[in-house]
Amino acid sequence: MKTCERRLGRVFVIRLEDGDLIPESIERFAEDNRVSVGYVILVGGIGGGEVVVGPRHSEERPPEPMLLPIDGAHEVAGVGILAPGEEERPVLHIHAALGRAGKTTTGCLRPGVQTWLVGEAVLFEILGTKAVRVRDTETGFAFWSPTLPRTLELTARIRRHSHPNKPEDARSRGFVQLGSARQAG
């Protein structure tokens, strides 16, 4: 596990209209407003597109996604993480629960999902990080990786070079990696 502590910046309330595409509309809004990293809460309706509902075979690498079409209007409640992709543009990874006629489907919204009538989103900007999506060669997924702002990365490097025999403290890098043995402090 990798973690970092940062602070909230601006908060945007976004109304998506009939036919607006998710995640594209939110990504474009973030880029236009210079939001690099954040998280999104979404409620409303969607009426078309596809959702990934898991891998076809859990043990297969890279996994083959199972895609289900979204047929007809559905209620939606979703959350997502916004972070720069390989081209340094905001990419929204959003999972949602979709409901219709007493049945629920949950999964990852694929590009091109259409808003039905209205979508209401809140975008919370996260400041003090240069989180990026890094493509994993085994899975093909672009995982979110929290990192430090450039100035703090340089400071940490200078400290390491000033004290070459001193082991690097993970906290000086702004994140702590947790595994089977938790670090104290």
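Near GLY49, the amide H atoms lying under 5 Å from its own belong to ILE70, GLN114; only residues 5 or more places off or on other chains count, and H is placed 1.01 Å from N.
The local environment of GLY49, defined by Cβ-Cβ distances under 12 Å, has a net charge of -3 under the rule Lys, Arg +1 and Asp, Glu -1.
Per-residue packing, averaged as other Cβ atoms within 10 Å, sorts the ranges 106-113, 91-98 into the order 91-98, 106-113, beginning with the highest.
Taking the centroid of alpha carbons for each part, region 7-66 and region 128-147 are 16 Å apart. With contacts taken as Cα pairs under 8 Å and at least 6 residues apart, region 1-107 reaches a relative contact order of 26 percent.
Each of ALA77 and VAL122 was given a label point 7 Å from its Cα along the Cα-to-Cβ line. The distance between the two points is 1.4 nm. Neighbours of TYR39, meaning other residues whose beta-carbon lies under 12 angstrom from its beta-carbon, give a summed charge of 0 when Lys and Arg score +1 and Asp and Glu score -1. Ranked by the mean number of other Cβ atoms within 10 Å per residue, highest first, peptides 51-64, 125-138 order as 125-138, 51-64. Volume per residue for region 2-145 equals 114 cubic angstrom (convex hull of Cα atoms).
Just so you know, all these numbers are worked out from the coordinates, no wet-lab data involved. Small disclaimer: the values here were computed from a predicted structure and weren't measured. Reconstructed Cβ throughout: ideal geometry from the backbone, glycine too, with neighbour counts over all protein chains shown.
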